[in-house]
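To start, the structure under review is shown below, and the notes come after it.
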Amino acid sequence: MNIVFAAAEVAPFSKAGGLADVAGSLPSALQRQGLSCQVISPLYGSVDRVHHRIEAADIKGKVLLGKKTVPYVIFHSKPSGEDETQYWFVSNPTLFDRDGIYTDATGEGYADNNQRFFFFQLVILDLISRKILSPDILHCNDHHTGLLPLLTKSLPQLRSVFTIHNFLYHGHFSDADKALLPEGIRNKLTPTQWDNYSALLEAITWSDAVNTVSPGYARELMAGENVDEHSLSIIRNRPDGILGILNGIDVNYWNPELDDLLPCNYSPTDRHGKKKNKRALLEKLELQADVDAPLFGSISRLVENKGFALIFESIEDFLADGAAFVFLGSGDPVIAMQLQDLLKKYPAQLAFYDGFNEKLAHLIEAGSDFFLMPSRVEPCGLNQLYSLQYGTIPIVNKTGGLGDSVEQWSAGQGTGFVFEPYLAIELRKSIELALKVFDDKEEWDRLISRAMEKDFSWAVSAKQYIELYTSWK
Ligand code: ADP
């Protein structure tokens, strides 16, 4: 069975968030289970072609974007090691040769994003029509590839699967944008109540199967939580609903035993290295906090949804009690400013790295005691899974994938601290309880062992995707 996996970002080539991690690890897991997988994404200016051995593939073509003919060139990266997964890249310097994936250096979304991702999808359609790609299953991800199920609907023997990584982002487009799409599909698009169109809702309408990245989030979407009425009616039009499949993680890359981005490796049975990483993290960020004081880590896009408002309500009390905090993230300038203000006030105990830093992300996962992830909405979340692997105890709101992956501590049980409802007071109580357990060294040790023993590899979830792919046969 041939799977073509289409995504706007794919780790390690390009990454803005969790979509890249999934696009970079699920196809390899499927390949290991006997499927043939090809992954296709745009070739951004920031992709390191030399490091990843990306070369032109001698495939060129043109697509019609409205009245304009736009050329493309296909690149590919040779499979490395035992992984036979093929990675393809769509190049068009005018549209993709920029450092950002979706936004410029100031965080502003590119004005031509709709045009860029329409082009990307039309190129995939062209490659399929030319039989350069011959998928049995076209696996689309988020709104950037949301029009492909409709674009490919009339192709025989092709099934489309659409994965919702985040329902908050619809990929809205206007009538002017619509004019860029092939005439044959324009009258099939359904306007939203805001007089525009939603690539996400088109995908839900036209895909052969729709899933999201955790059972909890699937239930929330189908129950209409944080979903407007128009979207809900489209979700409910699907007789098969939305399936929830929890994301897995790449256990070769996010593994404290093998992680070559860490100063010191450690394992569930020998955790001495964890404290050395904590020391290294404190030193790197020039924090003066005691190495035995509780250290809270956070790695996150800076958006309201990730729960910063809740953190800000009580953080100063915990700082006053001697706790230390490390934040890594970029995004909303207002949240960044609030973090900068805290940094000015507590330079010895709080660090804030404003930007994207893969190496620091690994060190925070390894060096922190707790991982703060009080998201208001979280389709799956990957950092809490990485945290569990690294023995860094997650403190999470019970929502979506967070509720599916972290089990509330109670003496001798559980893997983290899970609060609800989404209120600052509940987060505060959860942190207070977490600190009590942290002070009980034996209980704390057992909690870390349980967390590190959890298996979040793709093995189980990849099988669920295979079941989905074969459910029509
Ligand atoms: P989302 O997809 O909503 O951003 P996830 O938790 O699913 O959230 O995935 C986020 C991914 O992006 C994780 O791999 C996380 O480590 C990474 N990440 C987010 N912000 C940064 C950052 N500033 N620097 C490095 N990695 C980051």
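Is it true that Ala23 is within 16 Å of the ligand (Cβ to nearest atom) and assigned to a loop (DSSP other than H, G, I, E, B)?
No: the conditions fail for Ala23.
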Condition broken by Ile3, with the remaining ones in (1) within 16 Å of the ligand (Cβ to nearest atom); (2) more than 23 Å from Tyr386 (Cβ to Cβ) satisfied:
(1)
Out of (1) farther than 22 Å from Phe120 by Cβ; (2) part of a loop (DSSP other than H, G, I, E, B); (3) open to solvent by less than 20 Å² (accessible area, probe 1.4 Å), what's the single condition that is false for Gln157?
(3)
Limited to segment 258-277, what total is found for residues that are open to solvent by 10 Å² or more (accessible area, probe 1.4 Å) and either within 15 Å of the ligand (Cβ to nearest atom) or out of contact with any Gly (no Cβ under 9 Å at 6 or more places or on another chain) (or both)?
7
What's the number of the condition Ala11 fails, among (1) closer than 24 Å to Glu108 by Cβ; (2) more than 16 Å from the ligand (Cβ to nearest atom); (3) of a type outside the set (Ser, Thr, Tyr); (4) not in a strand (DSSP E or B)?
(2)
For Glu378, indicate whether it is within 9 Å of the ligand (Cβ to nearest atom), surrounded by 24 or more Cβ atoms within 10 Å (Cβ to Cβ) and more than 15 Å from the chain's Cα centre (by Cα).
no
Under 7 Å between Cβ atoms, at least 6 apart or on separate chains: pull out the pairs that start in segment 309-329 with a residue that is crowded, with 21+ Cβ neighbours inside 10 Å and end on any residue that is small (Gly, Ala, Ser) and part of a loop (DSSP other than H, G, I, E, B).
Ala323/Ala293; Ala324/Ala289; Ala324/Ala293; Val326/Ser368; Gly329/Ser300
Scope segment 30-42; condition touching a residue at least 40 places away in the same chain (Cβ under 8 Å), outside any strand (DSSP E or B) and surrounded by fewer than 23 Cβ atoms within 10 Å (Cβ to Cβ); matching residues:
Gln31, Arg32, Gln33, Leu35
Conditions (1) within 12 Å of the ligand (Cβ to nearest atom); (2) open to solvent by 40 Å² or more (accessible area, probe 1.4 Å): number failed by Glu365
(2)
Which of (1) open to solvent by 30 Å² or more (accessible area, probe 1.4 Å); (2) closer than 30 Å to Ala348 by Cβ; (3) not in a loop (DSSP other than H, G, I, E, B) does Thr205 not meet, given it meets every other one?
(2)
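Having 1 or more residues that are under 23 Å from Phe167 (Cα atoms) is the bar; report the helices (runs of 4 or more DSSP H) wholly within segment 372-453 that clear it.
383-389, 400-405
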Members of segment 186-202 that are more than 16 Å from Val227 (Cα to Cα) and either in a helix (DSSP H, G or I) or touching a residue at least 40 places away in the same chain (Cβ under 8 Å) (or both):
Arg186, Thr190
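Can you list the helices (runs of 4 or more DSSP H) lying wholly within segment 246-355 that have 3 or more residues being closer than 30 Å to Gly109 by Cβ?
On the way: elements: 272-284, 308-320, 333-345.
Output list reads 308-320, 333-345.
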Scan segment 405-427 and give yes if some residue there is within 26 Å of the chain's Cα centre (by Cα) and within 13 Å of the ligand (Cβ to nearest atom), otherwise no.
yes
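Matching residues to (1) farther than 28 Å from Glu316 by Cβ; (2) surrounded by 13 or more Cβ atoms within 10 Å (Cβ to Cβ):
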site: Ala411; (1), (2): yes, no
site: Gly416; (1), (2): no, yes
site: Pro421; (1), (2): no, no
site: Glu432; (1), (2): no, yes
site: Glu442; (1), (2): yes, no
site: Asp445; (1), (2): yes, no
site: Ser457; (1), (2): yes, yes
site: Lys463; (1), (2): yes, yes
site: Leu468; (1), (2): yes, yes
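The values are calculated or read from the model by the stated rules, or taken from the named source; none is laboratory data. Keep in mind the model is a prediction, meaning the values are calculated, not measured. Positions of Cβ are backbone-derived with ideal geometry, glycine not excepted, and every protein chain shown enters the neighbour counts. Surface areas here come from the heavy atoms of the whole protein model, side chains and all, with no ligands, DNA or RNA. Shrake-Rupley method; radii C 1.70, N 1.55, O 1.52, S 1.80 Å.
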